[in-house]
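Q: Submitted below is the structure of interest, expressed as structure tokens.
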Amino acid sequence: MTTIIGVLVSGRGSNLQSIIDHVESGYLKNVKLSVVISDVKDAYALERARMHGIDAVFIDPQAYGNKMGFERKIIGTLRLYDVDLVLLAGYMRILGSEVIQVYRNRIMNIHPALLPSFKGLHGPKQALEYGVKVAGCTVHFVDEGMDSGPIILQSCVPVKDNDTEDTLAARILEQEHKIFPEAIKLFTEGKLKVDGRIVLRREK
Ligand code: GAR
């Protein structure tokens with residue numbers, strides 16, 4: 001069975017690109033990237049989608065009276081494409097409860113920190129300033145909290161003495177580009193079982 005994927009983005013879209021590459025290389029099978037939705041009009045991620053024949057949609061948050069109106073438009077667009085799995089790939093807004101209820105345990109986010117540490121914006125900067133010696137990234141299902149949903153995969157990188165926010169973020173990003181496709185693969189193969197907060201891998 002084909003899993004239809006919709007991706008929410010806000011920026012440059014390197015994670016989107018990595019997912020596109022993993023579909024095109026055949027690593028991700030039985031997957032259709034159907035639509036990329038951005039809340040930022042000139043997000044380069046939209047351009048990347050178009051270049052690969054994926055529908056690219058800008059939804060203007062300002063065009064709706066409130067967050068609920070904006071998010072209903074997102075739900076409507078995802079439904080139009082019959083999306084099964086929603087990916088937040090550098091989407092810089094907190095999703096409201098309506099979207100989460102419709103797609104419970106079917107929304108994945110990539111976050112540039114080892115959750116539950118350093119939630120929110122600027123994960124690598126927070127990690128550097130805290131002085132941790134190991135940093136990394138997390139793929140998790142999205143729940144109503146901020147970066148608080150059940151964890152699917154994590155990957156660690158060392159923090160070096162001479163790291164800047166940029167060098168650490170780049171080292172983490174390399175891992176993001178690996179574990180996001182890996183988590184999608186597990187999902188599409190039906191190998192993820194969510195038991196409360198705990199995500200188990202099951203062999204089929
Ligand atoms: C990525 O590092 C992603 O983990 C992060 O934004 C970047 C987007 O890069 N997301 C968050 O911080 C979400 N809280 P990309 O547009 O090149 O994929």
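The values are calculated or read from the model by the stated rules, or taken from the named source; none is laboratory data. As the structure is a computational prediction, the values presented were derived from the model and not from experiment. Cβ placement follows ideal geometry from the backbone for every residue including glycine, while neighbour counts extend to all protein chains displayed. Side chains included, ligands, DNA and RNA excluded: accessible areas come from the protein's heavy atoms. Shrake-Rupley method; radii C 1.70, N 1.55, O 1.52, S 1.80 Å.
Q: Of the residues LEU46, LEU115, LEU87, LEU121, which is part of a helix (DSSP H, G or I) and either within 16 Å of the ligand (Cβ to nearest atom) or modelled with pLDDT of 95 or more (or both)?
A: LEU46 is the lone residue from the list that is part of a helix (DSSP H, G or I) and either within 16 Å of the ligand (Cβ to nearest atom) or modelled with pLDDT of 95 or more (or both).
Q: Oh, and also: Got a number for residues in region 97-112 being within 16 Å of the ligand (Cβ to nearest atom) and either more than 12 Å from the chain's Cα centre (by Cα) or closer than 25 Å to LYS193 by Cβ (or both)?
A: Number satisfying all stated conditions: 7.
Q: Out of all the residues in region 1-13, is one or more over 16 Å from the mean Cα position of the chain (by Cα) and in a loop (DSSP other than H, G, I, E, B)?
A: yes
Q: Could you grab me the full set of residues in region 120-163 that are open to solvent by 70 Å² or more (accessible area, probe 1.4 Å) and without any contact (Cβ under 8 Å) to a residue 40 or more places away in the chain?
A: LEU121, GLU129, TYR130, LYS133, VAL134, PRO158, LYS160, ASP161, ASN162
Q: Here are some residues: VAL35, VAL7. Which one is open to solvent by less than 20 Å² (accessible area, probe 1.4 Å) and closer than 16 Å to PRO181 by Cα?
A: Criteria check complete, one pass: VAL7.
Q: A further question on this structure: In region 180-204, which residues are β-branched (Val, Ile, Thr) and surrounded by fewer than 19 Cβ atoms within 10 Å (Cβ to Cβ)?
A: Across region 180-204, the qualifying residues are VAL194, ILE198.
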